[in-house]
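The values are calculated or read from the model by the stated rules, or taken from the named source; none is laboratory data. Note that the structure is predicted; figures quoted are calculated from it, not measured. Note that each Cβ is placed from the backbone with ideal geometry, even for glycine, and that neighbours are counted across all protein chains shown.
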Amino acid sequence: MTIISRKKKEKIDRLAELAARDDERGVSLWQEAFRRLRRNPAAIVGAVVLGLFVIVSVVGPFLVPYAPEAQLWKGEIRVGFIPGVRAENWFGLDHIGRDQFSRMVVGARQTLLVGVVATMIGLAVGSLIGGIAGAAAGLGGRWGRAVDNVLMRFIDMLLAMPSLLLAISIAAILGASLTTVMIAVGTVSVPVFARLLRGAMIAQSNSDYVLAATSLGVRKPKIALAHVVPNSLAPVIVQATLTLATAIIEAAALSFLGLGNNDASIPEWGMMLADAQRYIDIAPRLAILPALGIIITALGFTLLGEAMREALDPKLRK
Amino acid sequence: MALLEVEDISVTFARRGQRAVHAVDGVSFSVDAGEVVGLVGESGCGKSVTSLAIMGLLPKQPGLRVGGKAVFDGTDLLQLDDRSRRDIRGRDIAMIFQDPLSSLNPVIPIGLQVTEVLTRHRGMKGDVAAKEAAALLDRVGIPDPKRRLKEYPHQLSGGMRQRALIAMAVACQPRLLIADEPTTALDVTIQAQILELLKDLVRDSGTALVMITHDLGVVAGMCETINVLYGGRVVETARRRPLFREPRHPYTVGLLGSVPRLDAGRGERLNPIPGSVRDLLPWQEGCAFAPRCTRRVDACVGEPPELVLAHDGRSYRCVNPAPLPGLARAADAPVPAKSEPAATADGTGQAAEAGTDVPAAGKPASGPVPAPREEEKP
Amino acid sequence: MTGSDVLVEVRDLKVHFPIKRGVLFERTVGHVKAVDGVDLSIPRGKTYGLVGESGCGKSTLGRALLQLTPPTAGEVSFDGVELTTLAPGKLRTMRKRMQMIFQDPMSSLDPRQNVESILTEGLQAHGIGGNRDERRKIIAETLDKVGLPRWALSRYPHEFSGGQRQRIGIARALVLGPELIVADEPVSALDVSIQAQVVNLLDELQDNLGLTYLVIAHDLAVVRHISDIVGVMYLGGLVEEAPSDRLYTEPLHPYTRALMSAVPVPDPDVEDRRERILLAGDLPSPANPPSGCRFHTRCPWAQPTRCADERPVLREIGGSRVACHFAEQIASGELRPHKVSAEIVRPEGEGEEPGVVSAPSEPGSFV
């Protein structure tokens, strides 16, 4: 009887002093977000798709059975006779006799490259502008507001231009190439990142903990770097993931329009799609395969991005 | 026969991959016709969830389980289908929420929102409805009611919005009014206005009122019967005077000792309850308040304490209740001194106070209270 | 009072916020007079309580006192040093002597900092504690003072309960060893049972460390409980200031009386006996305050003479300071309260054009 009651007593005492363990380290917001991310099936699907995509595009080109530009059935291909799926060529041949499977794998690398570089350009330039504007607006004062105003009006100008038109103009100046596509797609996403980071930074600048840091006597630049920027990054990171998806689609669209790489030896999914449209009634797989590739990759990035948005949303935390 | 008889209501939120949260764990209370009943407790005690469950307003989500009975005038509200429940809601039972701005539709003028209630439940139309709406606004003390009818919620101050909401609630002369923290968002002087208005309305119309609040001062001024909730259960029920004069449950004692009183002298230390509201023991394993209780004995843990029925309709759920502060003395001095209930805390309060409100690591808090309103924008 | 007894002296402090309109070319169309001419002094080692309803400017006053919001006019002298004209660098070093505690313990703590980093930040900013070990020692002592366990150091704010978060906020203020602490609604975001813990902690810290507090709150009972002197604010100005007990036993200003009578007391006997002074209507907009006495539009004792056209100054009456022309007559019962009809008051920034609906931020549920 006494043993039982002592046990009970220990139990409440344990409850009263819940979690008084020295060894356990605290869980930061990032760690917690990652935990939530791992529990989300959408995130897992997205991550698996992207993982495969990245592996294929990095390792794939070294393992492909044929060179992507090698014309296997040279001279024998006619309109109306394009060899389909068979043992040697898993996805068949294309309209001039190149191995479609090898082209898809090598094209994945191009697609990933364009998406990543374009997003990086947008992220870097946009964050720089947005960060400076946000910090200037947060610091306040006449100069701060002026800097913020000038930068944001510039961003508004970029935003006012239709993205396709902007890309065509850049291509017109630089000539059609993969670089053009990267720059064009990147430029289009600059305003998104700039506005996002600036908005988040201004919101954070008005928060109580920034006021608390000021009242502690912490210098303003340190407050901006140590508090405002880290707390504003979450939406930017989410946006970057989502932008990767749109960048891939936009890059494909530009290549489709012939603004991209015109070197036929380096395949790219958008360009493959453009080439295939003439043969869509005889060999629809030539169009369907790159289209599927684009859709699945974009979907993977979008799924992961949305899952990250959910995981990082402070409102959804308990 | 009571107007509303709530029996053993329980609300459980089960989330995927997490332990189920018992937001309400067997709440019972009753409301007589025309009576003002208080539900008092701190955040997470289940007072709001109880009212939402009775009204059928809990957001429908997988994993939500509502059990028990809520018999209103012979019908069990929990068994009704959505449609008949909607009919009862507004006509026989009305509800007032804490945040009037999010309870009113921002793009529809006040007048239209009031007349819609009249049209739906009382079949009024056109000018008749408009006239009645103006009369209602006048009744709840909104100046210049005819002009206010055309205005939008954002054009009114917080106090006026709450009055407009009350006008909508009493539009159909309901028999029961449930007010969920109706004055928490308001300033004290406005709170006094609204409480006075509610008292008047209840007195004049004979409507029964369930007042849900965390403020002991508010219930002291207006409720006839008070239910104190802790951890999703009613731990003490008593008429107003006995509750404040002779609180029996240690939690009630603790609450009364925690509130600084306007009429107390400067320099008196408060007697806080140690720990935090998150330190709950599940009711199946004993008294939920045991981890914070200064009167805890061995019998508190193991099985949930039985409800003890005392005289005068009073009941409490405690195996070691606070002693009555001397029956003879209570007769001599009708107003007990401020520190008296807290004196039973036998000094352990001070020692245990520091740092005992530890985080509930890995344990879900006793429940975010879902309110039937949109999430506020950051 | 001699100069050395007074830690903070505020003279004619004003904080006006411009109301701006226009997209590209902003122009100022008016001012919100959040604080409009406040004089007060806080004795060393005492608690000054500032009470008032939302929008009365009490929080702005607290921030302006610490120079977190630049005052428009007036003087703030802290231990003989004039803060309003101090160079930014000097002000920054002064900050370690005056700290702040915030209302919402969650939003005032950076969610990405653990407790150790939160507490170290101030020490680093002021170069207190040369190395990591010394700083750790100071931090450990501070944790003991506020009753937090050592293992809290590696944890993040979201892992604590509300009461503990507020303890972290208090620790952050204490770690620099300040003389003055401005506590802005320190307990109003907490549960009732936790409020008492924090109030007691503040009391204890004052006893042990000789701190001076400016406690800002809307809850008169809390303010009265912890303050030696209480100042009552209404629409940007002090209407009454008195020692805590005197304010309760002998409120002189009509607004103080109304405020006092509106605070619910958890005692049915008191509640049934007391007389309520119900104020009509809402707080007028601080952008367009009433002329004369700011309170005259809602005052049950308002007189046709003086109240509407002459702004009363704080006068000393028997140990209290009160800004009312007729305080003596009201106290003696010579003047009787009368009925006041409510005026419609627009929420701030709204209502200029009744036809215009600002974009609704969320769809409300329709009952």
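Within the range B:284-314, work out how many residues are part of a loop (DSSP other than H, G, I, E, B) and on the phi > 0 side of the Ramachandran plot.
3
Given the conditions (1) surrounded by fewer than 22 Cβ atoms within 10 Å (Cβ to Cβ); (2) part of a strand (DSSP E or B), and given that residue C:238 satisfies all but one, which numbered condition is not satisfied?
Here residue C:238 meets the rest and fails (1).
Identify, please: which residue in the range C:78-109 is of a type in the set (A, V, I, L, M) and within 7 Å of chain A (Cβ to nearest Cβ) and is, among those, nearest to residue A:29 (Cα to Cα)?
C:109
Here are B:59, B:100: which of them is farther than 21 Å from residue B:168 by Cα and within 13 Å of chain C (Cβ to nearest Cβ)?
On inspection, the qualifying residue turns out to be B:59.
Can you name every residue in the range B:24-45 that is away from chain C (no Cβ under 14 Å) and over 16 Å from residue B:88 (Cβ atoms)?
B:24, B:25, B:26, B:27, B:28, B:29, B:30, B:32, B:34, B:35, B:37, B:39
Pull up the range C:63-72, narrow it to residues that are touching a Ser or Thr at 6+ places or on another chain (Cβ under 9 Å) and not charged (D, E, K, R), then point me to the one that is farthest from the other protein chains (Cβ to nearest Cβ).
Within the range C:63-72, the match that is farthest from the other protein chains (Cβ to nearest Cβ) is C:71.
Taking the options C:189, C:152, C:196, C:173, name whichever one is at pLDDT below 90 and either under 24 Å from residue B:260 (Cβ atoms) or assigned to a strand (DSSP E or B) (or both).
C:189
Looking only at the range B:222-242, count every residue that is crowded, with 23+ Cβ neighbours inside 10 Å and within 8 Å of another protein chain (Cβ to nearest Cβ) and tell me the total.
0
Considering the range B:272-285 alone, what residues qualify as being crowded, with 24+ Cβ neighbours inside 10 Å, more than 7 Å from chain C (Cβ to nearest Cβ) and modelled with pLDDT of 85 or more?
Within the range B:272-285, B:274 is the sole residue that qualifies.
Looking at B:120, B:148, B:86 in this structure, which one is over 25 Å from residue C:284 (Cβ atoms), within 12 Å of chain C (Cβ to nearest Cβ) and either surrounded by 15 or more Cβ atoms within 10 Å (Cβ to Cβ) or among the polar types (S, T, N, Q) (or both)?
Of B:120, B:148, B:86, the one residue that is over 25 Å from residue C:284 (Cβ atoms), within 12 Å of chain C (Cβ to nearest Cβ) and either surrounded by 15 or more Cβ atoms within 10 Å (Cβ to Cβ) or among the polar types (S, T, N, Q) (or both) is B:120.
Criterion first (facing chain B (nearest Cβ under 9 Å), closer than 20 Å to residue B:254 by Cα and in contact with a His (Cβ under 9 Å, 6 or more places away or on another chain)) does residue C:199 satisfy it?
yes
Residues of the range C:247-287 being among the polar types (S, T, N, Q) and under 17 Å from residue C:301 (Cβ atoms), which ones?
If the condition is that a residue be among the polar types (S, T, N, Q) and under 17 Å from residue C:301 (Cβ atoms), then C:256, C:261 are the ones that fit.
Restricting to the range B:203-221, name every residue that is at pLDDT 90 or above and either away from chain C (no Cβ under 13 Å) or closer than 19 Å to residue B:3 by Cα (or both).
Hits for the range B:203-221 are B:207, B:208, B:209, B:210, B:211, B:212.
Tell me, which helices (runs of 4 or more DSSP H) lie completely within the range B:44-140 with 3 or more residues that are polar (S, T, N, Q) and in the same structural domain as residue B:14 (by TED's automatic domain parsing)?
So the answer is B:47-55, B:110-122.
If only one of B:238, B:264 is under 20 Å from residue B:315 (Cβ atoms) and small (Gly, Ala, Ser), which one is it?
B:238
Among the residues that make up the range C:355-364, is at least one of them at pLDDT below 85, touching a strand residue (DSSP E or B) at 6+ places or on another chain (Cβ under 8 Å), assigned to a loop (DSSP other than H, G, I, E, B) and at the interface with chain B (Cβ under 7 Å from one of its Cβ atoms)?
The answer is no, given that none of the residues of the range C:355-364 is at pLDDT below 85, touching a strand residue (DSSP E or B) at 6+ places or on another chain (Cβ under 8 Å), assigned to a loop (DSSP other than H, G, I, E, B) and at the interface with chain B (Cβ under 7 Å from one of its Cβ atoms).
Which of the residues that make up the range C:141-156 are within 16 Å of residue C:121 (Cβ to Cβ), surrounded by fewer than 20 Cβ atoms within 10 Å (Cβ to Cβ) and facing chain B (nearest Cβ under 9 Å)?
Hits for the range C:141-156: nothing passes.
Return only the number of the condition from (1) closer than 20 Å to residue B:194 by Cα; (2) part of a loop (DSSP other than H, G, I, E, B); (3) of a type in the set (S, T, N, Q); (4) within 12 Å of chain B (Cβ to nearest Cβ) that residue C:261 does not satisfy.
(2)
Can you report the number of residues in the range B:10-43 which are part of a strand (DSSP E or B) and out of contact with any helix residue (DSSP H, G or I) (no Cβ under 6 Å at 6 or more places or on another chain)?
Of the residues in that region, 11 qualify.
Taking the condition assigned to a loop (DSSP other than H, G, I, E, B), more than 11 Å from chain C (Cβ to nearest Cβ) and either modelled with pLDDT under 85 or surrounded by fewer than 22 Cβ atoms within 10 Å (Cβ to Cβ) (or both), does residue B:334 pass?
Considered against the rule, which asks whether it is assigned to a loop (DSSP other than H, G, I, E, B), more than 11 Å from chain C (Cβ to nearest Cβ) and either modelled with pLDDT under 85 or surrounded by fewer than 22 Cβ atoms within 10 Å (Cβ to Cβ) (or both), residue B:334 comes out as no.
Of all residues in the range B:176-213, which are over 18 Å from the mean Cα position of the chain (by Cα) and farther than 16 Å from residue B:98 by Cα?
Answer for the range B:176-213, where residues must be over 18 Å from the mean Cα position of the chain (by Cα) and farther than 16 Å from residue B:98 by Cα: B:189, B:200, B:201, B:203, B:204, B:205, B:206.
Please specify each residue of the range C:303-331 satisfying the condition of being free of Cβ contacts under 8 Å to residues at least 40 places away in the same chain and buried (at least 19 other Cβ atoms within 10 Å of the Cβ).
Once the filter is applied, which keeps residues that are free of Cβ contacts under 8 Å to residues at least 40 places away in the same chain and buried (at least 19 other Cβ atoms within 10 Å of the Cβ), the range C:303-331 yields C:307, C:312, C:325, C:326.
Could you tell me whether the range A:192-200 includes any residue that is at pLDDT 85 or above, facing chain C (nearest Cβ under 10 Å) and touching an Asp or Glu at 6+ places or on another chain (Cβ under 8 Å)?
So far as the range A:192-200 goes, no, none of its residues is at pLDDT 85 or above, facing chain C (nearest Cβ under 10 Å) and touching an Asp or Glu at 6+ places or on another chain (Cβ under 8 Å).
May I ask you to say which residue of A:158, A:178, A:139, A:164 is over 22 Å from the mean Cα position of the chain (by Cα), more than 21 Å from residue A:241 (Cβ to Cβ) and not aromatic (Phe, Trp, Tyr)?
One residue alone meets the criteria, A:139.
Can you confirm whether the range C:110-119 contains a residue that is β-branched (Val, Ile, Thr), surrounded by 18 or more Cβ atoms within 10 Å (Cβ to Cβ), out of contact with any Ser or Thr (no Cβ under 6 Å at 6 or more places or on another chain) and within 14 Å of chain B (Cβ to nearest Cβ)?
Checking the range C:110-119: at least one residue is β-branched (Val, Ile, Thr), surrounded by 18 or more Cβ atoms within 10 Å (Cβ to Cβ), out of contact with any Ser or Thr (no Cβ under 6 Å at 6 or more places or on another chain) and within 14 Å of chain B (Cβ to nearest Cβ).
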